[in-house]
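Colleague: This is the structure I want to talk about, given as C-alpha cells.
Coordinate-derived values only; no laboratory data. Only a predicted model underlies this, so the values are computations on that prediction, with no experimental measurement involved. Cβ coordinates were reconstructed from backbone atoms using ideal geometry, including for glycine residues, and neighbour counts include every protein chain displayed.
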Amino acid sequence: MLIAQISDLHLRAGGALTFERFDTADALGRAIDHINNLDPLPDVTLATGDLTDDGRPEEYQALRAALDRLRMPAYVIPGNHDDRDNLRQAFADRGYLPADGEFLHYTVETWPLRLIGLDTVIPGEIGGGLCSERLAWLVARLAEQPDRPTLIFMHHPPFPTGIRYMDAPPLEGAAELEALIRRHAQVRQIVCGHIHRTIAVNWAGTVAAVGPSPVFQMNLALAPGGRFKPVAEVCAIALYLWENGIGPIAHTSIVREQPARAVKAAVPA
Ligand SMILES: [Fe+2]
Ligand SMILES: [Fe+2]
C-alpha cells in the first residue's frame, strides 16, 4: 500500500498569488500531475488541511476540480485556513465526510492500513485542538479494531516541532491524545501538516511526522525568537509505503526545486 500526502495547498481562486509570489493553483496542478505520474501509482492521497487559503466556496470548487484529476481516491481533512461548512459541501457527494455533527472526522477501511482522519480545527484560531467530544470519538474508533495497523492523519501536529514560532499555542488536548495513543499500539504512524516542512519524531510510542507543502515552505527557525517567513524551498509531497507489515516507510518526493515565479525573480533582469 502506497499513500501520498499533500498538505497546506492554501489554494486561492482566480489566479491570486499568496505572499504576492506563490501561484497556488499552478503549484497544486503540478503536485497532482506529479502524483499521477508516480510509479507505482499511490493507492490513496491524503490532503491534510489548509486546503484553501480563505475557506471560500470558489476555492473549494477549484480544489475539488484539481483533486478530481487524481487517478486514485483522495481524502480531505480541514486545517485552520479551511471552512468546515464549505469544505463539507464541496465533498459531500464523496460519501466519507460525516453528514451531521460538527466535526469532519472519519475512518477509511479500504486498505490493509486503517486510516483515521481527525479534525483539529478551532474556528477562528491558528492553533488547533481535540476537545473531549473528538477524543471520545477517537477512543471509540481505536477500540473497534485494536489489532489492525492504523495511520492517523490530522492538520495540527500534537508534538512540539522545534520551529518556535509554530509551537505556540500547543495543540489543545495533546496530553490526552498522547496518553490515548500510548495505550493503542496499533497506531503505527501519525501524519500532520501545518508546519510546511518535513519533520519526524518518536512521539507517544509511535512515529509522528509533518509533511511538506507542494506550494511554499516555512523557514527553519530553530533558534528562540525566530519569526515566520515563507520560503521558496523545494515543493514536495510525502509518501508512506506500507509493505509486508513493515513501516510505514516515509519518503519525500520532490515536485520541483523552486516555484517558477521565485526562480524568475532570482534571475537578474
Ligand atoms: Fe498551512
Ligand atoms: Fe495550518
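Colleague: Can you run phi through the Karplus equation (6.51, -1.76, 1.60; θ = phi - 60°) for segment 175-181 and list ³J(HN,Hα) in whole Hz, with x for Gly and Pro?
Modeller: Using θ = phi - 60°, the values come out as 5, 5, 5, 4, 4, 5, 5 Hz.
Colleague: Relative to the present Cα-Cα distance, how much length would full extension add between Glu109 and Gln186 at 0.36 nm per residue of separation? Walk me through the numbers before you get to the answer.
Modeller: Working: separation 77, 0.36 × 77 = 27.72 nm, distance 1.43 nm.
Stretched out fully, the Glu109 to Gln186 stretch lengthens by 26.3 nm.
Colleague: Next up: What percent do you get for the relative contact order of segment 52-99 when only Cα pairs under 8 Å and 6+ apart count?
Modeller: Across segment 52-99, relative contact order equals 46 percent.
Colleague: Amide H neighbours of Leu11 under 5 Å, at least 5 residues apart or on other chains, H built in the peptide plane: list them.
Modeller: Thr52, Asp53
Colleague: Okay, moving on. 7 Å from Cα along Cα→Cβ at both Ala200 and Glu125: what's the point-to-point distance in nm?
Modeller: Each label point is offset 7 Å from its Cα along the Cβ direction, giving 3.0 nm.
Colleague: Once both labels are modelled 7 Å past Cα along the beta-carbon direction, what's the Asp100-Leu38 spacing in nm?
Modeller: 3.7 nm
Colleague: Next question. Taking the DSSP beta bridges in the chain as the whole, what percent of them are antiparallel, to the nearest 5?
Modeller: Details: 24 of 46 bridges.
Rounded to the nearest five, the antiparallel share is 50 percent.
Colleague: Please report the spacing between the Cα centers of segment 3-47 and segment 77-97 in Å, no decimals.
Modeller: 17 Å
Colleague: What list of ³J(HN,Hα) values in whole Hz, one per residue of segment 91-105 in order, does the Karplus curve 6.51 cos²θ - 1.76 cosθ + 1.60 (θ = phi - 60°) give from phi, with Gly and Pro shown as x?
Modeller: 10, 4, 6, 6, x, 9, 6, x, 6, 10, x, 6, 9, 9, 10
Colleague: Take Ala223, project a point 7 Å from its Cα along the Cβ direction, then tell me which residues of segment 134-169 have their backbone nitrogen under 20 Å from it.
Modeller: Label zone hits: 161-168.
Colleague: When the Karplus curve 6.51 cos²θ - 1.76 cosθ + 1.60 is applied with θ = phi - 60°, which whole-Hz ³J(HN,Hα) does each residue of segment 66-78 get, with x for Gly and Pro?
Modeller: 5, 5, 5, 7, 5, 8, 9, x, 10, 10, 10, 10, x
Colleague: Would you grab the residues whose amide H sits under 5 Å from the one on Tyr106? Only those 5+ places off in sequence or on another chain, please, with H modelled 1.01 Å from N.
Modeller: HN-HN under 5 Å from Tyr106: Gly117.
Colleague: If contacts are Cα pairs under 8 angstrom and at least 6 residues apart, what is the relative contact order of the chain in percent? Present the calculation step by step, with values, prior to reporting the outcome.
Modeller: Working: 594 pairs, mean separation 51.4, N = 269.
Averaging sequence separation for qualifying contacts and normalising by length gives 19 percent for the chain.
Colleague: Still on this structure, please answer the following. Roughly what would the spin-label model give for Ala140 and His251, points 7 Å off Cα along C-beta, in nm?
Modeller: 3.8 nm
Colleague: Another question about this same structure. The chain: longest stretch without exposed trypsin sites (Lys or Arg not before Pro) (DSSP loop, at most 15 other Cβ within 10 Å), sites themselves excluded?
Modeller: Numbers: sites that count: Arg21, Arg69, Arg71, Arg183, Arg227.
Answer from the scan: 72-182.
Colleague: By per-residue mean of other Cβ atoms within 10 Å, what is the highest-first order of 55-61, 204-210, 2-8, 235-241? Could the numbers behind the result be given before it?
Modeller: On the way: 55-61: 18.6, 204-210: 20.4, 2-8: 26.6, 235-241: 22.4.
The densest-packed peptide leads the list: 2-8, 235-241, 204-210, 55-61.
Colleague: Rank Gly162, Gly29, Gly225 by mean-square fluctuation in a GNM of the chain with C-alpha springs under 10 angstrom and give only the top-ranked residue.
Modeller: Of the options given, Gly225 has the highest mean-square fluctuation.
Colleague: Assuming R0 = 22 Å, what is the FRET efficiency of Gln258 and Phe19, from their Cβ-Cβ distance, to the nearest 0.05? Walk me through the numbers on the way to the answer.
Modeller: On the way: r = 14 Å, r/R0 = 0.65.
E(calc), rounded to 0.05, equals 0.95.
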